[in-house]
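> My questions all concern the structure below.
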Amino acid sequence: MIIDPEQVALETGSNYPDEFKSMVAGRIRQRLGNFAGLKNFGVNLVKLEPGSSSALRHWHFRQDEFIYVLEGELTLITDAGAEVLKPGMAAGFPAGEANGHHLVNRTSTVAVYLEVGDRTPNDEVIYPDDDLITKASPDGKSRIFAHKDGTLY
C-alpha cells in the first residue's frame, strides 16, 4: 500500500494523566502504520515543535522501539545523559533494557522523525523521572496509568 502522508490524520495530545500532558503538547503524530493496516508494529511520522518532548522519559518491558531523524535536531536523553541527533541518525531501544529515554526539541525549529515500535501485548512501561507506570489492561491491548505504588490515576 502506498501512503501519502497528506491523507493521514494529524494527532496531537496525549493519553497521559493531565499533569503530564503539557510535556508533549508540541508533538504531532501521523500513524502511518495504522493507516496501512499494519498489525505487528506501528510506524509514526512525528513533528516535534520547539520546547516539546516526544514522551516522558520511559522504557518498555516487552516492546522494542526505534527512531530515525528526518529533519531538524533532537536531543536524546537517556540514563547516560544527553546526545544530539541530526538527520540520518537513528536510535534503538530494546525491550526490557532499563534505560529511560525520550527526545526533546531544544532548538527553535520543528524537528521530524519516524518512530517504530512493536505491538507486543501485555507491555508495561516505567517512567523513571515521574510517579508513573503503565500496566497492561486485562485484555493486554491497552495501558492503564498508575502511580509507582500501584494506585490508579
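> Name the residues of the range 15-34 whose amide N is less than 19 Å from a point 7 angstrom out from the Cα of residue 131 along the C-beta direction?
Answer for this model: 16-23.
> Let me have the relative contact order for the chain, percent, based on Cα pairs under 8 Å that are six or more residues apart. Mind showing how you got there, number by number?
Values: 375 pairs, mean separation 34.2, N = 153.
For the chain, the relative contact order is 22 percent.
> Can you list the lysines whose alpha carbon is less than 24 Å from that of residue 148, not counting same-chain residues fewer than 8 positions off?
The reachable lysines, counting only those whose Cα sits under 24 Å from residue 148, are 21, 135.
> Given the peptides 74-85, 103-114, arrange them by the average over their residues of other C-beta atoms within 10 Å, most packed first.
For the peptides 74-85, 103-114, the packing ranking is 103-114, 74-85.
> At 0.36 nm per residue, minus the direct Cα-Cα distance, what do residue 99 and residue 114 gain on full extension? Give it in nm, one decimal, please. If you can, show how the numbers build up before the last one.
Details: separation 15, 0.36 × 15 = 5.40 nm, distance 2.00 nm.
So the extension gain works out to 3.4 nm.
> I would also like to ask the following. Between residue 82 and residue 4, what is the spin-label point distance in nm, taking each point 7 Å from the Cα along the Cα→C-beta axis?
My value for the distance between the label points is 4.0 nm.
> Going by average Cβ density within 10 Å per residue, which order do the peptides 133-139, 37-43 take, highest to lowest?
133-139, 37-43
> Now for a different question. Which peptide among 58-70, 1-13 comes first, and what is the full order, when sorted by highest mean count of other Cβ atoms within 10 Å?
58-70, 1-13
> Please report, in cubic angstrom per residue, the volume enclosed by the convex hull of the alpha-carbon atoms of the chain.
In the chain, the Cα convex hull volume per residue is 113 Å³.
> Using each residue's phi in the range 21-38, evaluate 6.51 cos²θ - 1.76 cosθ + 1.60 at θ = phi - 60° and report the 3J(HN,Hα) Karplus result to the nearest Hz, with x for Gly and Pro.
4, 5, 5, 10, 4, x, 9, 10, 10, 10, 8, 5, x, 4, 4, 7, x, 5
Every read-out reported here was derived from the displayed coordinates using simple, explicitly stated rules and does not represent laboratory data. This one's a predicted model, so the numbers in the text were calculated from it and none came from an experiment. Glycine also receives a Cβ, built like all others from the backbone with ideal geometry; neighbour counts cover every protein chain displayed.
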